[in-house]
Amino acid sequence: MNKTRPFILIVSVVLAALLAYGLFTLPSPKGAQSEGFSAERVVKDIEVISAAHHSVAHPQERAQVREYLVQRLQELGADTVRVLSYDSLTGPKNKHVEYTFDAHNILADFSPAVQGEGPQTCLMFVAHYDSRYSHIFARDTVWSYGAADDGYGVGVVLETVSQLLKEREQWKQGVKVLFTDAEEVGMMGMSAMWENDRQEFADVGLMINVEARGPWGPALLFEACPGNEKVMELYAGTAKYPYTYSLTTVVYKFMPNFTDFTIVKDSIPGLNFSTVADVNRYHTHLDNFSNISVRSIQHYGEQILPLASEYLVNEQYADVDALKADADAVNFTIPLIGLLNFSRTGYVIFNVVIFLIFLMLFGLEGIRGRLSAKKVFIKSLVILGSSVGACAAGVLISVLCAAVAGVPFRLMGTMQGVMFDNVAMIVSVAVMTLVMVVIYLGARRKAIRMTSNSMRQSAVANAARNHAYVVMYAVMSLMFILSVALLLALGENMMFLIPLACATLAMVLYHMTNLRFWIPVAMIVILLHAFSFYYALAMALTIGALGVVMMLAFFVVMLLIPMADIYLMPSRKK
């Protein structure tokens, strides 16, 4: 075996993990003296906003935050700053408490320095300034300070607008800033405004909502409006350090979480941003100023500011309907590579091409005698059954974690109070990976004993190679079937399509060039995507979904192991 290959393989895995988790890909926070978007300046606003609880149960503290925000918007040079009030609202519905309150939304207008002819179109920024009301956390009643949720949103909007105003002379569209009240009790502020003052939205051609579901991690574009093809083209062409998966928009439709954007997304093109880690600091007393992340805040700005700037200065968006479309885009982010954005038709074509290449490759491998369709089929069934076992193990682990923490177990539901949840999930996947490696190596040795009746090195090598090929193509076959099924059912299948595509293309190039270099390259891309996507999935769904996370990770790991084996095998003698 080439002595450098194990080293290359180890370095590839480590670098992929570091890149995916943001060591090199997330932007560094910029200081208060920076000319561009500065997370440090946002921090100053958050410190004021999160000084005290300011939920609907704290009218005086909420009024102080409101007065501060009105003052900040006036200091920025808003043409008008209005407070739109809605009296005697009640909420939340179907919860352990109910409050009666008045909601006061803040609406500021910033017109272009040079007024154009005809009606003006606007970009509207939305964030809510109320904090979470009383919340049960680990059997205690706690109150959030709203530092992340939604101090991040309010602070990011203020800093973004301050940067955009530097190019106000070039604006073709205007800006509206809407800081809503009573979002935490069922989007009551936004709902009341949509019902009673809908004319305020008539000139909005694009809405950007900024939320925070936990204080850490990358800022994820987790939702886009229906018919988002043009909106995503704008995002893909402008955002720095993009981080999004169109699959999250599909999943979010089935989740019981909502934001202010939910009220209007069927009528106004828009994007919804949020951090997603960690859930124990979401809606709890731990959402406070000491737990904020300047790196996460900076990541919001690096995505939102260039997008907003392009929208404001480009005349093509002067039409309020310019970003409306009939079709949705399909997209996913691979760290280092960036955002891959497809039209729906383009994505189907991409799928068909990958499917055809895989089928031709599989057929050629069979013709050349490297594969037995029967062995691949049997191995596929074994792997499928094992994936169910991985899922069951994940569920059991999450049940045990809930029991240890003394919190209710919720399958696929948000579980708070398991303070070691992130460590438990990482360790569980790592242990599963080690177990899979041990099982694979044991099966490999068994295959060698069963197929080799001599001590010849070539026979041993062929047996090992055949075993690796059978396992790899069994996993690829399952991914092919799952990709087809999900494409037909949801129109989204990237969690299986990306590893299938990478492995397929790597094997094609390997056979064409006889260079193993393509195998670690494919593994790096698979790992970059897997680390990044499964991180977002695990953080969003929490430890209650560990079974699903482990099942999906199982398929990826089960593909990577034989790929690594093939890469490390001695070269065939000519």
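The values are calculated or read from the model by the stated rules, or taken from the named source; none is laboratory data. The structure displayed is predicted, hence computed values, not measured ones. Using ideal geometry, Cβ is built from the backbone for each residue, glycine included, and neighbour counts are taken over all protein chains shown. We work out accessible area using only protein heavy atoms, side chains counted, and drop any ligands, DNA or RNA first. Shrake-Rupley method; radii C 1.70, N 1.55, O 1.52, S 1.80 Å.
What list of whole percents do you get for P(r) of segment 129-269, with Cα-Cα distances grouped in 5 Å bins up to the one holding the largest distance?
Reading the bins upward from 0: 2, 8, 15, 21, 22, 18, 9, 4, 2, 0, 0.
Going by average Cβ neighbours within 10 Å, how do the peptides 351-359, 110-118 rank, with the highest at the top?
Those peptides, ordered most packed to least, come out 351-359, 110-118.
Just subtract the alpha-carbon distance of Glu35 and Ser386 from 0.36 nm times their residue separation and send over the number in nm, one decimal.
121.0 nm is the gain from fully extending Glu35 to Ser386.
Using label points projected 7 Å from each Cα along Cα→Cβ, tell me how many nm separate Lys375 and Ile426, to one decimal.
Modelled inter-label distance: 3.9 nm.
If the chain between Ser571 and Glu75 were fully stretched, how many nm would it gain, using 0.36 nm times the residue separation less the Cα-Cα distance?
Value of the extension gain: 171.6 nm.
I need the semi-axes of the equivalent ellipsoid of segment 345-502: take the C-alpha gyration tensor, multiply each eigenvalue by 5, square-root it, list largest first in whole angstrom.
Values for segment 345-502, descending: 35, 25, 11 Å.
Any number yet on Rg/Rh for segment 421-529, C-alpha, Kirkwood?
1.04
How big is the Cα convex hull of segment 345-430 in projection, averaged over all directions, in nm²?
8.8
Answer with one residue from Leu73, Val276, Ala39: the one whose Cα lies farthest towards the positive end of the charge dipole of the chain, charges on Cβ with Lys, Arg +1 and Asp, Glu -1.
Val276
Once all Cα-Cα distances of segment 1-56 are split into 10 Å bins that start at 0, what whole-number percent is in each one?
Histogramming segment 1-56 at 10 Å steps yields 19, 23, 21, 18, 12, 6, 1 percent.
Once the Cα atoms of segment 75-181 are picked out, what are the Rg and Dmax in Å?
Every Cα atom of segment 75-181 included, Rg and Dmax give 17.7, 59 Å.
In nanometres, what is the gap between the two model label sites at Arg139 and Val484, each 7 Å from Cα along Cα-to-Cβ?
In this crude spin-label approximation the distance works out to 5.2 nm.
Based on DSSP H runs of at least 4 residues, each adding -39500 (n - 2.57), what is the mean residue ellipticity at 222 nm of the chain after dividing by all its residues, to the nearest 500 deg cm²/dmol?
Only helices count here, giving -17500 deg cm²/dmol.
Using the heavy atoms of the protein chains alone and a 1.4 angstrom probe, what is the accessible area of segment 353-449 per residue in square angstrom?
Roughly 57 Å² per residue, with all protein chains present.
If you take every DSSP beta bridge whose two residues both sit in the chain, what share of them, in percent to the nearest 5, is antiparallel?
So the antiparallel bridges in the chain amount to around 65 percent.
From the Cα trace of segment 228-367, what convex hull volume per residue do you get, rounded to a whole Å³?
Considering the Cα atoms of segment 228-367, their hull volume per residue is 177 Å³.
List the equivalent ellipsoid semi-axes of segment 286-335 in whole Å, largest first, each obtained as the square root of 5λ for an eigenvalue λ of the Cα gyration tensor.
That gives 31, 16, 11 Å for the three semi-axes.
Let me know the whole percent of all Cα-Cα pairs from segment 143-190 that are separated by more than 18 Å.
Tail of the P(r) past 18 Å holds 44 percent of the pairs.
I'd like the distance between the alpha-carbon centres of segment 1-53 and segment 362-392, rounded to an integer number of Å.
39
If R0 is 25 Å, what FRET efficiency do you get for Gln64 and Ser88 from their C-beta distance, rounded to 0.05?
That gives a FRET efficiency of 0.70.
Please report, to one decimal in angstroms, the Kirkwood hydrodynamic radius of segment 233-298 built from all distinct Cα-Cα pairs.
14.5
Taking just the alpha-carbon atoms of the chain, what radius of gyration and Dmax come out, in angstrom?
Looking at the chain, its Cα Rg and Dmax stand at 26.3, 88 Å.
Can you order the peptides 15-24, 143-152 by their average number of other Cβ atoms within 10 Å per residue, highest first?
Top to bottom by mean Cβ count within 10 Å: 143-152, 15-24.
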